[in-house]
Amino acid sequence: MLRNHFHLPAAKIYLCGNSLGPQPKAAAAELEKEMASWRTRGVEGWWEGDGPEGGWLGFHRRLEDDLAGIVGAAPQEVTVANALTVNLHLLLVSFFRPTGQRRKIIMEAGAFPSDQHAIISQLKFHGLDPATDLIEVKPRPGEHTIITEDILEAIQEAGEELALVLWTGVHYYTGQFFDLAAIARAGRSVGAKVGFDLAHAVGNVPLQLHDWGADFAVWCSYKYLNGGPGAPGGLFVHERHASDEELPRFAGWWGHRERDRFLMRREFRPEQGAAGWQISTVPVLGMAPLLASLPLFAKAGGMTKIRERSLQLTNRLYALVAQLDGLTILTPRDEKARGAQLSIYVPGHRPDLEHQLSAAGLVVDYRQDNLLGTEGGILRLAPAPLYAELEEVENAVAILRQVLAV
Ligand SMILES: Cc1ncc(COP(=O)(O)O)c(C=O)c1O
């Protein structure tokens, strides 16, 4: 769709945007603009700039409109700050408030390890026991993905004991795209708070965070958002919490109201909305590439249009991989239940597979299996719709066929 806007590794098919998106061509210029401002203005760069936005003080605001369009939120409901796991902890401080019998958390079994670490450490921080207070919903025996009804039933069953539903948008391992609207509705109907980890969903599938009514969401900017290695993360806080100054939070001066932050008072008055969860000075140089990458989503026609293209690519990939003997696609066949990524189970121990595929011209990622408990491994292939081509999908499968000899 916008392939010419990206630097892609030479002579390779790049299907690894689920791990690190490629560099937008305009990123270096955006970074250089801020480097020039630093060079020529020094500290005055905080207040003065070339564009209408002025200096770096409100730098995060330059990203909020585009980000809001990508996740289906109002600009005030989103911001860029910190990193995914840090933001998850910060939002758990605000939205996981166990009291009395309402103290349990529901999440998917086999969640990304950082989410498991965050949730388990938060439970322990509150003096709770993960063995009894963490409910992990699993696939049914013999299945790889989780059925929506089982998630909704677990939420209903936990009922008044449930403090929080933390769910992933697109599962990092299986590629399953969950019914987030139904999960948010179910969680809120029993009086629990609802948060989403959208690391593999943002910029990949259409999201309607505001309308779905989730309390909060977190994501990283280095996968489908193409913000660069270790780019600062994003967060969403629903508008109903925007001006709740009583909400407990771990505060820092960058979350204080911008208009009187520099009066340097002891009293903390949070900025309205998601920006009130910022903590430290905005990392201008880390965020600058996002000024190049985020506008590309609107330029491509928005997430609905991007999704149409994505389905063409991944449906083709699914059909071709399904013809290869000896491999199992873990990702659902139903296009509504997946994003760009397909996760493919390859039997046997193949520690060199990623390198072999790269040498043959295909960049993907490979992990030894940790969920199914087998000797095999998982290949993840994600034709990201902003830059992948149908022909590449076809050539990628030819390379798989040759390297795997299937
Ligand atoms: C689903 C998911 N959650 C959390 C993380 C951790 O993100 P970070 O290292 O930016 O905190 C990742 C990283 O890839 C992820 O895929």
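Points to keep in mind about this one:
- Listed residues H355, L327, A382: farthest to the positive end of the dipole of segment 320-390 (Cβ charges): A382
- Each principal axis of the Cα cloud of segment 61-298 was taken in turn, and the coordinate range along them, longest first, works out to 54, 40, 28 Å.
- Residues A26 and A181, FRET efficiency given R0 of 30 Å [Cβ-Cβ distance, rounded to 0.05]: 0.30
- Normalising the average separation of contacting C-alpha pairs (under 8 angstrom, six or more residues apart) by the number of residues puts the relative contact order of segment 187-271 at 21 percent.
- Over all projection directions, the Cα-based convex hull of segment 57-115 averages an area of 5.8 nm².
- Of all stretches in the chain that contain no chymotrypsin sites (Phe, Trp or Tyr not before Pro) in a DSSP loop with at most 16 other Cβ atoms within 10 Å, the longest one is 48-249.
- GNM flexibility winner over the chain from E335, E267, E394 (Cα, springs under 10 Å): E267
- Over segment 211-282 - Rg/Rh using Cα atoms and the Kirkwood inverse-distance radius: 1.02
- Distance between the modelled labels on E48 and M264, one decimal in nanometres: 2.2 nm (7 Å Cα→Cβ projection).
- Under the Karplus curve 6.51 cos²θ - 1.76 cosθ + 1.60, θ = phi - 60°, whole-Hz ³J(HN,Hα) for segment 248-253, x wherever Gly or Pro sits: x, 7, 7, 9, x, 5
- The base-10 log of I(q)/I(0) for segment 302-404, evaluated at q = 0.15, 0.18 Å⁻¹, reads -0.59, -0.84 [Debye formula, identical scatterers on Cα atoms, solvent excluded].
- Length gained when the stretch S19-Q116 is fully extended (0.36 nm per residue, less Cα-Cα span): 33.0 nm
- Evaluated over the Cα positions of segment 248-330, the convex hull gives a direction-averaged projected area, one quarter of its surface, of 10.1 nm².
- Taking a point 7 Å out from the Cα of E161 in the direction of its Cβ, the residues of segment 101-124 whose backbone N falls within less than 13 Å of it are 101-106.
- Between D129 and Q368, residue separation times 0.36 nm minus the direct Cα-Cα distance comes to 83.0 nm.
- The ellipsoid that matches the Cα gyration tensor of segment 206-351 has semi-axes, each √(5λ) in whole angstrom, of 40, 17, 16, with the longest given first.
- Contact order for the chain, expressed relative to its length and based on alpha carbon pairs under 8 Å spaced 6+ residues apart, stands at 22 percent.
- Among V43, V363, V393: highest mean-square fluctuation, GNM of the chain, C-alpha pairs under 10 Å: V43
- Taken as entire DSSP H runs, the helices of the chain that both span 24 Å or more between Cα atoms along their own long axis and average -0.5 or more on the Kyte-Doolittle scale are 303-321.
- Extents of segment 36-87, taken as max minus min of Cα coordinates on every principal axis and listed largest first, are 37, 26, 15 Å.
- Largest-first principal axis extents of the Cα set of segment 39-157 (Å): 61, 32, 24
- Whole-angstrom gap from segment 19-64 to segment 156-198, using each part's C-alpha centre: 36 Å
- What the Cβ-Cβ distance of E239 and T99 gives, at R0 = 22 Å and to the nearest 0.05, is a FRET efficiency of 0.35.
- Gaussian network model of the chain, springs between alpha carbon atoms under 10 Å - residue of A288, A181, A68 with greatest fluctuation: A181
- Grouping the Cα pair distances of the chain into 20 Å bins from zero gives a pair-distance distribution of 27, 55, 17, 0 percent in increasing distance order.
- P(r), alpha carbons of segment 333-372 - 5 Å bins starting at zero, rounded %: 5, 19, 23, 22, 17, 11, 3
- Stokes-Einstein D for segment 193-235, Kirkwood Rh over Cα pairs, 25 °C, 0.890 mPa s (µm²/s): 229 µm²/s
- Distance-filtered residues of segment 371-401 - backbone nitrogen under 17 Å, label point 7 angstrom along A319 Cα→Cβ: 383, 389-398
- Efficiency of FRET between E136 and A300 - r from beta-carbon atoms, R0 45 angstrom, step 0.05: 0.80
- Segment 270-297 residues near the modelled N4 label - backbone nitrogen below 17 Å, point 7 Å along Cα→Cβ: 296-297
- Pairs from the list K138/K336; K299/K336; K12/K336; K124/K336; K12/K305 with a Cα-Cα gap above 31 Å: K124/K336.
Values quoted throughout were computed directly from the atomic coordinates according to the rules given, and no laboratory measurement underlies them. Note that the structure is predicted; figures quoted are calculated from it, not measured. Note that we place each Cβ from the backbone using ideal geometry, even for glycine, and neighbour counts take in every protein chain shown.
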